[in-house]
Amino acid sequence: MILVGERDSMDYVAARCDERAMARIGRFIDLLVEENERQNLVAAATLDHVWQRHIADSAQLLEFAPQVPRGTWVDLGSGAGFPGLVIAMMRPDLHVKLVESRRLRSAWLSSCIDALGLDKCEVSHGRAEVLPAEEAAVLSARAFAPLPKAIAIGRRFSTADTVWLLPKGRSAAQEVNELPKRLRSMFHVEQSVSDPEAGIVTGRLTE
Ligand SMILES: C[S@@+](CC[C@H](N)C(=O)[O-])C[C@H]1O[C@@H](n2cnc3c(N)ncnc32)[C@H](O)[C@@H]1O
């Protein structure tokens with residue numbers, strides 16, 4: 001399935017969460033549009049396609065995560081909250097940790113969490129390389145770093161059971177193919193629903 005346009009993308013998300021979550025996401029989009037005037041959170045042009053480019057693009061990761069992850073969903077380099085904050089809005093029962101090194105961004109993420117009443121979501125401000133490592137049930141990172149670097153940084157948060165979810169846009173297959181053989185065998189690419197040419201690198205780091 002490939003989503004076509006904003007209505008289709010909104011319907012995709014609505015089919016995967018309840019009305020309260022949809023109301024939260026609507027409120028979050030308002031906060032994002034407002035804050036984007038102050039700090040460059042997302043490219044302004046993408047706000048015209050916010051459901052497809054950011055919300056559904058993030059929401060689709062739930063399809064590849066364990067139904068009830070036992071433990072924390074860690075999102076590296078959350079930026080404006082993608083995908084981690086969208087996951088927290090859709091699944092407020094999950095413990096979600098947003099890791100973000102830029103002070104302004106992490107402060108804004110914290111203010112969103114408060115405004116949206118997301119009790120089980122928190123921000124870790126700092127560089128992922130040096131923050132206290134926590135075992136992740138799911139480890140996500142969108143537009144965070146080239147794959148070898150994302151793996152090197154994320155390794156500290158990973159166990160043999162951690163599900164890695166790395167939306168990688170159009171370079172997904174190439175980035176996996178360029179990994180050393182052992183690593184390559186641990187990851188594969190899933191088709192993104194938000195962009196016919198984009199892929200999500202997923203797998204488990206078993207050593
Ligand atoms: C290109 S943005 C992507 C943001 C978001 N994930 C998205 O897809 O819209 C990368 C984000 O990662 C953050 N970041 C980069 N290196 C980091 C690091 N080592 N630790 C924590 N955050 C980092 C940046 O500050 C930035 O907000």
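The values are calculated or read from the model by the stated rules, or taken from the named source; none is laboratory data. It should be emphasised that the depicted structure is a prediction, and the values quoted were computed from it without experimental measurement. Note that each Cβ is placed from the backbone with ideal geometry, even for glycine, and that neighbours are counted across all protein chains shown. Remember, those area values only see protein heavy atoms, side chains included, never the ligands or the DNA or RNA. Shrake-Rupley method; radii C 1.70, N 1.55, O 1.52, S 1.80 Å.
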Quick one: is F157 in contact with an Asp or Glu (Cβ under 7 Å, 6 or more places away or on another chain), at pLDDT 95 or above and of a type in the set (F, W, Y)?
yes
Out of the residues in segment 42-98 that are under 14 Å from V138 (Cβ atoms) and among the acidic types (D, E), which is least open to solvent (accessible area, probe 1.4 Å)?
D75
Hits in segment 1-33 (condition: in a helix (DSSP H, G or I) and among the small types (G, A, S)):
G5, S9, A14, A21, A23, G26
Filter pass, F28 being over 27 Å from L147 (Cβ atoms), touching a residue at least 12 places away in the same chain (Cβ under 8 Å) and more than 10 Å from the ligand (Cβ to nearest atom)
yes
Subset of segment 165-207 that is touching a residue at least 12 places away in the same chain (Cβ under 8 Å) and basic (K, R) - its residue that is least open to solvent (accessible area, probe 1.4 Å)
K168
Restricting the search to segment 105-144, which residues are within 11 Å of the ligand (Cβ to nearest atom), in a loop (DSSP other than H, G, I, E, B) and either crowded, with 21+ Cβ neighbours inside 10 Å or of a type in the set (D, E) (or both)?
A128, E129, A141, R142, F144
Among what's in segment 73-101 and is charged (D, E, K, R) and assigned to a loop (DSSP other than H, G, I, E, B), pick the residue that is nearest to the ligand (Cβ to nearest atom).
R91
Within segment 34-44, take every residue that is in a helix (DSSP H, G or I) and within 14 Å of the ligand (Cβ to nearest atom) and give me the one that is nearest to M1 (Cα to Cα).
A44
